[in-house]
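Since the structure comes first, as structure tokens, the remarks are kept for the end.
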Amino acid sequence: MKLWKRAAAAIKDRKSLLAVGFSKRTSHHNLDLEAAIIKATSHDSSSVDYSNAHRVYKWIRSSPHLNLKTLIHTLSSRVSHTRSWIVSLKSLMLLHGVISCKLPSVLGELRRLPFDLSDFSDGHSCLSKTWGFNIFVRAYFAFLQNYASFLSDQFHRRPASRRSFELERIQKLQSLLDLILQIRPIADNMKRTLILEAMDCIVIESINIYGRICSGVIRMLPSSGKADAAATLKIINKVTSQGEDLAVYFEFCKGFGVPNARDTPQFVSIPKAEVETIKNMIENVEEEVVEEEKAMVVLEKPRLETIITEKWEIFEDDECCFHEKVIKEYQKHPLPLIVSYQEPVYIEYMMPDLITF
């Protein structure tokens with residue numbers, strides 16, 4: 001039965017390639033790119049065609065505006081017609097690589113994915129066998145959809161306030177990390193080569209995003225003020241929580257056999273002295289609010305009294321000065337901010353093959 005399915009899948013890919021071969025060649029239709037996309041997103045779950053994936057990336061880099069249209073059209077048509085978890089997952093991985101290149105013309109046009117897999121369900125096998133793959137594809141799509149929107153928004157926006165923009169950026173990165181931690185194989189039959197390759201990409205991306213969050217927080221701490229102390233502390237608390245979740249995620253991936261999760265990274269922690277300073281800011285602000293409320297009560301005219309007092313209670317404002325500190329030990333390291341006692345396997349590679357050029 002498995003042999004028959006493989007043969008049928010190979011025939012489908014062959015038919016798609018033949019259709020491309022007989023298509024009319026025009027200056028606006030890159031048939032070579034279309035053929036490479038079909039080969040990179042084949043129905044074969046036992047391997048990934050790295051060579052054709054790299055060909056796709058080279059075509060996009062050479063002429064992003066023109067070739068991106070071919071990529072979007074081909075992937076959209078292919079995903080909508082096949083309804084295969086294998087083709088859908090390979091298409092997501094291919095787009096992940098294109099988005100990660102961060103080319104201005106790509107980010108300008110690819111604000112959202114060219115297909116919708118939010119309710120994906122494989123149409124070639126019974127649900128009892130594919131439910132885990134369906135959930136995996138949906139989770140990957142949810143992350144990548146939001147990631148594409150985030151990168152495009154960061155590219156286009158011109159912030160009025162640099163600090164508010166940085167706070168919002170970190171919060172969005174934290175939301176992306178929450179989404180990426182939901183991508184995991186949960187069924188017993190999911191230990192496949194393709195799933196392991198996809199998880200390799202996800203593990204690397206989780207490190208990159210968490211590293212950007214940590215570095216953003218560390219850059220932001222020296223200039224924190226009373227106005228945004230509460231928002232900053234909320235972000236810091238979530239950073240700590242997500243660091244613990246990420247460690248658990250790595251342990252899960254390590255047990256599943258994901259190569260890039262063999263060594264759990266040790267992330268740079270947020271300086272405790274800075275966190276305490278922000279907490280003191282919040283406490284001082286709360287005390288000032290209470291004192292102001294008390295002062296307002298004294299000035300009110302009593303409803304049942306005929307004597308009006310002119311005595312005022314005067315409260316001196318407590319000035320909380322926040323001195324900037326240069327965190328030298330953190331500025332020496334490039335993103336992501338990761339330190340470890342052993343050389344992690346994922347540091348040896350720039351990125352899994354489907355994520356970089």
**Exclusive hit being touching a Gly at 6+ places or on another chain (Cβ under 6 Å) and either surrounded by 23 or more Cβ atoms within 10 Å (Cβ to Cβ) or not assigned by the TED database to the domain that holds Leu194 (or both), set Arg83, Arg138** = Arg83
**Message:** I'd like the full set of residues that are touching a Lys or Arg at 6+ places or on another chain (Cβ under 8 Å) and either modelled with pLDDT of 90 or more or buried (at least 17 other Cβ atoms within 10 Å of the Cβ) (or both), limited to the stretch 243-263.
**Reply:** Tyr249, Phe252, Cys253, Lys254, Phe256, Gly257, Ala261
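Applying the selection to the stretch 175-205, what residues are among the hydroxyl-bearing types (Ser, Thr, Tyr) and either under 15 Å from Leu151 (Cα atoms) or surrounded by 23 or more Cβ atoms within 10 Å (Cβ to Cβ) (or both)?
Hit for the stretch 175-205 is Ser175, nothing else.
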**Complete set of residues in the stretch 78-103 that are of a type outside the set (A, V, I, L, M, F, W, C) and either in contact with a Ser or Thr (Cβ under 6 Å, 6 or more places away or on another chain) or closer than 17 Å to Asp32 by Cβ (or both)** = Arg78, Lys90, Ser91
**Request:** Could you grab me the full set of residues in the stretch 158-187 that are hydrophobic (A, V, I, L, M, F, W, C) and part of a helix (DSSP H, G or I)?
**Result:** Phe165, Leu167, Ile170, Leu173, Leu176, Leu177, Leu179, Ile180
**Prompt:** Any residue at all in the stretch 145-159 that is at pLDDT below 95, of a type outside the set (A, V, I, L, M, F, W, C) and under 26 Å from Ala19 (Cα atoms)?
**Reply:** no
**Request:** May I ask you to say which residue of Ile170, Ile195 is more than 10 Å from the chain's Cα centre (by Cα), assigned by the TED database to the domain that holds Phe250 and closer than 26 Å to Val239 by Cβ?
**Result:** Ile170
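For Phe115, indicate whether it is of a type outside the set (Gly, Ala, Ser) and assigned to a helix (DSSP H, G or I).
Here the answer is no, as Phe115 does not meet what is asked.
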**Item:** Residues within the stretch 24-63 that are of a type outside the set (Gly, Ala, Ser) and open to solvent by 30 Å² or more (accessible area, probe 1.4 Å), tallied
**Value:** 15
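The values are calculated or read from the model by the stated rules, or taken from the named source; none is laboratory data. Note that the structure is a prediction, hence the values are computed from the model and not measured. Counting neighbours? That spans all protein chains shown, and the Cβs are built from the backbone with ideal geometry, glycine included. Heavy atoms of the whole protein, side chains included, go into the accessibility calculation; ligands, DNA and RNA do not. Shrake-Rupley method; radii C 1.70, N 1.55, O 1.52, S 1.80 Å.
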